[in-house]
1. At 0.36 nm per residue, minus the direct Cα-Cα distance, what do ALA15 and THR208 gain on full extension? Give it in nm, one decimal, please.
2. Mind putting a number on the dipole of region 136-229 about its Cα centre? Charges go on the C-beta only, +1 for Lys and Arg and -1 for Asp and Glu, and I need it in Debye to the nearest 20.
3. Straight-line reach from LYS123: which aspartates and glutamates fall under 15 Å, measuring Cα to Cα and dropping same-chain residues less than 8 apart?
4. Roughly how many nanometres apart are two label points built 7 Å out from the Cα toward the Cβ at ALA28 and TYR226?
5. Among GLN23, GLN35, GLN119, which one moves the most in a GNM of the chain with springs linking Cα atoms closer than 10 Å?
6. For a quick check, take a GNM of the chain with Cα springs below 10 Å and name the residue from LYS204, LYS186, LYS55 with the largest mean-square fluctuation.
7. How much area per residue is accessible in the chain when the probe is 1.4 Å and only protein heavy atoms are counted (Å²)?
8. Quick one: with all protein chains in place, what share of the accessible area of the chain is carbon or sulfur, to the nearest percent (1.4 Å probe)?
Amino acid sequence: MRSLLRTLKWLLAGAVLLVLAYQVWVFAHLLWWTQFNPSQTRFMSLRLDEMRERKPDAQLRHQWVPYERISVHLKRAVIAAEDDAFVDHEGFDWEGIQKAMEKNRKKGRAVAGGSTISQQLAKNLFLSPSRSYARKAQEAAITFMMEAVMDKRRILEIYLNVVEWGDGVFGAEAAAQRYYRIPAAKLGPEQAARLAVMLPNPRKYEKTFGPRLAAHAARIAGRMHYSQVP
């Protein structure tokens, strides 16, 4: 019995050390990315693997552009659509989370998430689209570390450069070229609003951008000039 307890203690200690080692690894990457750009995210890697199952030589469409070369209209539209309180919160919009929970309760199913841009970026950089309490806890830990070492401008710059905007399409530059054949710097308000409302399900909406989504894009275009950008 003592031998079994001793083994369990060692296993527990090993598991704790592995978790701590992973957090240190994540934190080191975040520190590095304050000055250098990530070449690929976890989401990119997963999508590329999926694409290469269908077509072995498939490649992602992705081109990094600096913050200054991304249209301010896209910055405003994404904040308006995804995270109105982005410049004010410290990674978590508690009021938004509460509203999302209430909306889900009324609908009887998950129809709203309440995740901030920082939380979405944490997930895209390191995690998977799967849903579990363990993944949400890790997402929260990464978000906390990210907000501690990066300013809002850098978080938004990375997000706009790595977020998924279609099947194999990642980042603002690739999206602008894919849908409008122009650089991200030249996106106008209406174009930016349409791109912003695609973010919850980009691979679906690149195929079917119906009247309901178009109406949502019009609402975003109408109020995005109120959005504060870092």
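The values are calculated or read from the model by the stated rules, or taken from the named source; none is laboratory data. Keep in mind it's a predicted model, so treat the numbers as computed, not measured. Neighbour counts run over all protein chains shown; Cβ positions are idealised from the backbone, glycine included. These area figures cover heavy atoms from the full protein model, side chains too; ligands, DNA and RNA do not enter into them. Shrake-Rupley method; radii C 1.70, N 1.55, O 1.52, S 1.80 Å.
1. 65.0 nm is the gain from fully extending ALA15 to THR208.
2. On the way: 14 positive and 9 negative charges, 74 e Å.
For this selection, approximately 360 debye.
3. The qualifying aspartates and glutamates are GLU82, GLU139, GLU147, GLU164.
4. Distance between label points: 4.5 nm.
5. Answer for the Gaussian network model of the chain: GLN35.
6. Comparing LYS204, LYS186, LYS55 in the GNM, the peak value goes to LYS55.
7. So the chain comes to 58 Å² accessible per residue, rounded to a whole number.
8. That fraction is 56 percent.
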